[in-house]
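In what follows, a single structure is set out as structure tokens and then discussed.
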Amino acid sequence: MKTRIETPSSKVITEAAERLRRGELVVMPTETVYGLAGSTHDQGALKSIFEIKGRPSDNPLIAHVEGPEGAKNIVAGWDERCDMLSAAFWPGPLTMVLHRHHDVPPGASGGRDTLAVRSPAHPVARSLLDAFGGPLSAPSANRSGSVSPTTAEHVASDFSESDAAGTLLIIDGGPCSVGIESTVLDLTTDPPRVLRPGSVSNESIIELIGTIEMSVVSAQDASPGTRSRHYAPLTPLALIEAEGLEAELGDDPSRIIIIRAGGEPGADGPREIQLPGDPAGFAEGLYDALRRADGSGASRILVVVPGTGSPWRAVRDRLERAAATGG
Ligand code: AMP
Ligand code: MG
């Protein structure tokens, strides 16, 4: 389909809000990744999101709101914990799963009776929500199965290959500052459960609301989009320890591309993409690095484990899923 990248201006935001009111979709930048947005209350728009992405119809969407008041209109069961969590982390990369309000079409959550909701911090997403005046359902703006987009160009390159009709308006808010998807916390279970780790840490959630279940979710039923092979580039990817790098390079390092934190550029060794050595910096650049590695012509991507322990949990989750071959 055709795509049109525009830098944000009040004219572009007005046009985007009009398109959304007509039931069309718009790509908006958020601080996590770019989102393919449509009105949460418009069944036609919801249907288009699944079609254009090629997303399985049971994979639920996150509804984006300006703040708690907007969330309370579309979920049931907002409680004191939600007040505390939203006061601490909204606007920002924490998604809460609650019960879906009966006014919200089932398509907004892939047919589930729960609904995920988040208030994005990116100023462009916020002005679009304000101009539109209602909730926007928005999954990552990539074709299903490819790496989430963190720039407007990533989005354009994904959708230019789609044969859908019409022109997709992409609002360019620059590279996403967080760079990986939000933390998803299910508050409909007892204890609450982190379905997807993100930059809002399990520890910071526990500090506010007490016990949560921390087990890794890989089953489709609890959180469909978290199935193992989900954040993967097309080129085979292996996650290795630094000590194992030499052995992995083998006899023909020329077809390999390495992604690692703060490595030294090799003179005539294999190609290498370097990322910052801190978890936030690594996350910010990760998806662009995966996309560049994928487009490099290499036959194998080696990612050197950047770190261990809880600060690296969200990054490790994405890397392990990118490396997974099954599921
Ligand atoms: P995306 O917006 O592409 O990052 O995907 C949103 C992800 O959030 C889904 O793939 C699920 O893993 C999770 N999610 C959204 N809504 C729900 C829900 N109602 N129940 C459980 N998980 C959800
Ligand atoms: Mg996605």
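Some observations on this one:
- Computed from backbone phi, the HN-Hα couplings of segment 158-173 come to 5, 8, 5, 8, 7, 9, 5, 7, x, 10, 8, 7, 10, 8, 8, x Hz, rounded to whole numbers (Karplus: 6.51 cos²θ - 1.76 cosθ + 1.60, θ = phi - 60°; Gly and Pro given as x).
- Overall, the ratio between the Cα radius of gyration of segment 55-163 and 2.2 N^0.38 Å, rounded to two decimals, is 1.11.
- Available extension along the chain between residue 252 and residue 214 is 9.6 nm, counting 0.36 nm per residue and deducting the alpha carbon span.
- Length gained when the stretch residue 22-residue 308 is fully extended (0.36 nm per residue, less Cα-Cα span): 98.2 nm
- Under 26 Å from the Cα of residue 47 - lysines, other chains or at least 8 residues apart: 2, 72
- Relative pair counts by distance (%), Cα atoms of segment 1-76, 5 Å bins: 3, 13, 22, 26, 23, 10, 3, 1
- Spatially, segment 1-69 and segment 72-110 are offset by 18 Å when compared through their Cα centroids.
- Angle between the chain longest axis and helix 10-21 axis [Cα atoms, degrees, rounded to 10]: 70 degrees
- Gap separating the Cα centres of segment 290-308 and segment 161-193, nearest whole Å: 22 Å
- Ellipticity estimate at 222 nm from DSSP helix runs (n ≥ 4, -39,500 (n - 2.57)) divided over the chain, nearest 500: -8500 deg cm²/dmol
- Surface composition of segment 1-135: carbon plus sulfur atoms hold 51% of the accessible area, using a 1.4 angstrom probe and ignoring ligands, DNA and RNA.
- Computed on the Cα atoms alone, the convex hull of the chain gives a volume of 127 cubic angstrom per residue.
- In the context of the full set of protein chains, the chain has a per residue accessible area of 41 Å² (1.4 Å probe).
- At an R0 of 35 angstrom, the distance between the Cβ atoms of residue 2 and residue 112 translates into a FRET efficiency of 0.60.
The values are calculated or read from the model by the stated rules, or taken from the named source; none is laboratory data. Everything quoted here is computed from the prediction, not taken from an experiment. Every residue, glycine among them, receives a Cβ derived from its backbone with ideal geometry; neighbour counts consider all protein chains shown. Areas reflect the complete protein model, heavy atoms only, side chains present, ligands, DNA and RNA absent. Shrake-Rupley method; radii C 1.70, N 1.55, O 1.52, S 1.80 Å.
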